[in-house]
1. Across region 42-80, what is the total count of residues that are at pLDDT 90 or above and under 16 Å from Cys17 (Cα atoms)?
2. Could you tell me which of the residues His47, His30 is touching an Asp or Glu at 6+ places or on another chain (Cβ under 8 Å) and within 12 Å of ligand 2 (Cβ to nearest atom)?
3. How many residues are modelled with pLDDT under 85 and either under 19 Å from Leu61 (Cβ atoms) or not in a loop (DSSP other than H, G, I, E, B) (or both) when one looks only at region 19-38?
4. Taking Gly16, is it within 13 Å of ligand 2 (Cβ to nearest atom) and part of a loop (DSSP other than H, G, I, E, B)?
5. In region 49-67, is there at least one residue being surrounded by 13 or more Cβ atoms within 10 Å (Cβ to Cβ), in a strand (DSSP E or B) and in contact with a Lys or Arg (Cβ under 6 Å, 6 or more places away or on another chain)?
Amino acid sequence: MALAKTTNPKTMGPVGCANCPPPFGTRECHCRGCLQHFSTEGNFDRHRQKGKCLDPAKVGLLLKQRRANARVWVLPDERI
Ligand SMILES: [Zn+2]
Ligand SMILES: [Zn+2]
């Protein structure tokens, strides 16, 4: 899904996007650019640099299964 570079693809729960299944928690952040879920807004911000999405694994985040239908990127020492 192509988005203009100036568009911030952030959506905060429980608002998702058309491509992914809701719901998201109240703190979770979802990216419409790369279709990844983040446990917090701060973790979302880590993967966005210079208006582009980076691979979350490359900025120190780990992908964890949080619910049956949701895997979210968290910090390595974060409780989920
Ligand atoms: Zn989505
Ligand atoms: Zn993204």
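1. At the first step, the residues of region 42-80 found to be at pLDDT 90 or above are 42-65, 71-78.
Filter again for under 16 Å from Cys17 (Cα atoms), leaving 44, 71-72.
Residues that pass the stated criteria total 3.
2. Working: His30 fails: touching an Asp or Glu at 6+ places or on another chain (Cβ under 8 Å).
Matching residue, one of His47, His30: His47.
3. Residues of region 19-38 that are modelled with pLDDT under 85, as a first pass: 19-26.
Remaining after also requiring either under 19 Å from Leu61 (Cβ atoms) or not in a loop (DSSP other than H, G, I, E, B) (or both): 20, 24-25.
Of the residues in that region, 3 qualify.
4. Numbers: within 13 Å of ligand 2 (Cβ to nearest atom): no; part of a loop (DSSP other than H, G, I, E, B): yes.
Against the criterion (within 13 Å of ligand 2 (Cβ to nearest atom) and part of a loop (DSSP other than H, G, I, E, B)), Gly16 does not qualify.
5. Taking every residue of region 49-67 in turn, at least one turns out to be surrounded by 13 or more Cβ atoms within 10 Å (Cβ to Cβ), in a strand (DSSP E or B) and in contact with a Lys or Arg (Cβ under 6 Å, 6 or more places away or on another chain).
The values are calculated or read from the model by the stated rules, or taken from the named source; none is laboratory data. In this text the structure is predicted, and so the values were computed from the model without any measurement. Backbone-built Cβ (ideal geometry, glycine too); neighbour counts: all protein chains shown.
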